[in-house]
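The values are calculated or read from the model by the stated rules, or taken from the named source; none is laboratory data. Treat the numbers as computed from the prediction; the structure is a model and nothing was measured. Virtual Cβ from ideal backbone geometry, glycine too; neighbours counted across all protein chains shown.
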Amino acid sequence: MKVLVFGGDGFCGWPTSLHLSDKGHEVVIVDNLSRRAIDSELDAQSLTPICGIDERLQCWNSMAATPLRFALLDLARDYDGLVALLSEEQPDAVVHFAEQRAAPYSMKSAAHRRYSVDNNLTGTHNLLCAVAELGLDTHVVHLGTMGVYGYGAGGAVIPEGYLKVQVRGADGALEEREILHPCDPGSIYHMTKCQDQMFFYYYNKNFGLRVTDLHQGIVWGTQTDQTGKDARLVNRFDYDGDYGTVLNRFVMQAAVGHPLTVHGTGEQTRAFIHIQDTVRCVELALTNPPAYGERVRIFNQATETHRLIDLAHQIRALTGADISFAANPRLEARANTLAIENTGLQRFGWDPITLSDGLLNEVHAIARHHKHRCDLSKIPCASTWWNASREEEPADIRVA
Ligand code: NAD
Ligand code: USQ
C-alpha cells in the first residue's frame, strides 16, 4: 500500500512511518517541520536527542527494504503543492497527524489560539478538499482525540463516536437513532478536533470520502521496535510544560529527582495508550478500510483509563519520587470518572499493551539515560486556561 503520512516527523508520525515502512508499505512523510520550529520558540528540546529529518531518513533507508521518502509541505498553507503531491503520488491512503497538538500551547495567548485553529482546521479541510477535487480513491485516516467527548460523562460508557438516542417520530412513537457523540472540548486544541469531525461528516456524506477517525488517548512511552534500532532513529520525548504529557512527564520527573507535578487533586481520569500500540492501531485502521458508502468510521484508540493521582503513586512506588500538588493551571473538573468502549480496533486483532506490562521501567531507563539534557526550568506548566488578569482562579467547572 502507498501511504502519505502527514506529520510524519512528529512524536506519533515518525514511529508510525517506520512501522509502516518495516511492514513493506511505500511511505512518504509529508511535514512542514513546524514542531521543530515550536521547540525553538519555546526554547525547549526533546529529552531524547532527535536527529534532523535528513539524517533520520538516511539512517532508516540504509537498513530498509523500501526507502522512506520526504516532502516538505505546509498542509494548511500550500494547497496547490498538496494537490500536486496527491496527484503525483495517487496514494491508497493518507494518515493525518499534521496538527498543533498541545492543549496548553493552544491556550497560551490569542496568537497561539489563532495559530492552532488556522493550522488545524485549514490543514484538515485542505486535505479533504484536495482528495475530493482530484476524485481520488484514497482512504483518509485521522488522529483525533478522546478529548472530543469531554471528561464529564459521569461514568456512562463512551461509545466509539456514535451515541444511540431515542427521538419521537411523527406518529408519536419512540425511534432509535445514532448521532455523532456530543462534543465538549476543554481547550482550543480539543475544539479543533471537534470541528474536524464535522469536516469528515460532510466530505463523507457529500463526496463519498472514506474516512477513519481514531480518537486517541494520551500517548506514553518513546521507543518502538523500529525507533530502537539505531540511536539516530530515536523518537522525541517531550517533557516541557506545554508539550510534555502527564505520564511521560511523571516518569521523567522521577528520573531527574523533580517532584511529580500533580495538577489540583489528581482525581482527573484520563485515557492512555502506549506509542507501540499507536503505530499498530494506525496500521490496523489502514489495512481494514471502511467500505464505499460507509459513514465515517470512529474508533477509540485508547487502552485503559487512570486517575492521575494513581499514576503518581504507581511511579512513586517504582522510583521513590516525591509527589507535589500544584494549583491547576487548566480549567477542568477536579475529579471525573471515565469509562470507554474500545473494542473496534480489537476486532481487527489489536492486543493492547497496558501499564502492567512493565514498560514504565523502559521509559524510566530512557529518561535516566538522557536526564543530563533536561532543563528543569521548562518543567512548570505556565499556560493558564482562564483569564490571568482576573485575580482569582475560577471555581471548578462541572464535576462529573
Ligand atoms: P507532534 O507535534 O509531535 O507531531 C505533529 C507533526 O505534524 C509535527 O511533525 C509537525 O511539524 C507536523 N505539522 C503540524 N502542522 C503541520 C502543517 N500545517 N503541515 C505539515 N506538517 C504539520 O504531535 P504528535 O504527538 O505526534 O500528535 C500527532 C497527532 O496525534 C495530532 O493530531 C494529535 O492531535 C494526535 N494525538 C496525539 C496524542 C499524544 O499524546 N501525543 C494523543 C492523542 C492524539
Ligand atoms: N497534568 C498534571 N500534571 C502535569 C501535566 C498534566 O496533573 O504535569 C494533568 C492535566 O491537568 C490534565 C491531564 O494531566 O488533567 C492530562 O494532561 P496532558 O497534558 O497529559 O494531556 P492533554 O492536554 O489532554 O493532551 C494530550 C495530547 C493531545 C491529545 C490528548 C488526548 O497532548 O494531543 O489529544 O492528550 S486526551 O487527553 O485523551 O484528550
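See the values below:
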quantity: Strands (runs of 3 or more DSSP E) within the stretch 262-346 that include 1 or more residues modelled with pLDDT under 95; calculated: 323-326
quantity: The one condition in (1) part of a strand (DSSP E or B); (2) more than 15 Å from ligand 1 (Cβ to nearest atom) that Val219 fails to fulfil; calculated: (2)
quantity: Thr212 vs. criteria crowded, with 23+ Cβ neighbours inside 10 Å and either touching a Lys or Arg at 6+ places or on another chain (Cβ under 7 Å) or free of Cβ contacts under 8 Å to residues at least 12 places away in the same chain (or both); calculated: yes
quantity: Test for Phe250: is it among the aromatic types (Phe, Trp, Tyr), more than 26 Å from Glu41 (Cα to Cα), within 16 Å of ligand 2 (Cβ to nearest atom) and surrounded by 22 or more Cβ atoms within 10 Å (Cβ to Cβ); calculated: no
quantity: Matching entry among Val157, Val148 (being touching a Pro at 6+ places or on another chain (Cβ under 7 Å), at negative phi and at pLDDT 95 or above); calculated: Val148
quantity: Of all residues making up the stretch 139-190, the number that are touching a residue at least 60 places away in the same chain (Cβ under 8 Å) and under 28 Å from Val5 (Cα atoms); calculated: 19
quantity: Top-ranked residue of the stretch 224-245 - restricted to ones that are in a helix (DSSP H, G or I) and touching a Lys or Arg at 6+ places or on another chain (Cβ under 7 Å), ranked as nearest to ligand 2 (Cβ to nearest atom); calculated: Leu233
quantity: Qualifying positions in the stretch 356-392 - more than 21 Å from Val256 (Cα to Cα) and not small (Gly, Ala, Ser); calculated: Asp357, Thr384, Trp385, Trp386, Asn387, Arg390, Glu391, Glu392
quantity: Output for the stretch 372-400, where each listed residue is hydroxyl-bearing (Ser, Thr, Tyr) and at pLDDT below 75; calculated: Ser389
quantity: Filter pass, Thr287 being out of contact with any strand residue (DSSP E or B) (no Cβ under 7 Å at 6 or more places or on another chain), over 26 Å from Ala153 (Cα atoms), surrounded by 18 or more Cβ atoms within 10 Å (Cβ to Cβ) and polar (S, T, N, Q); calculated: no
quantity: Strands (runs of 3 or more DSSP E) wholly inside the stretch 1-104 that include at least 2 residues being near ligand 1 (Cβ under 9 Å from one of its atoms); calculated: 26-31
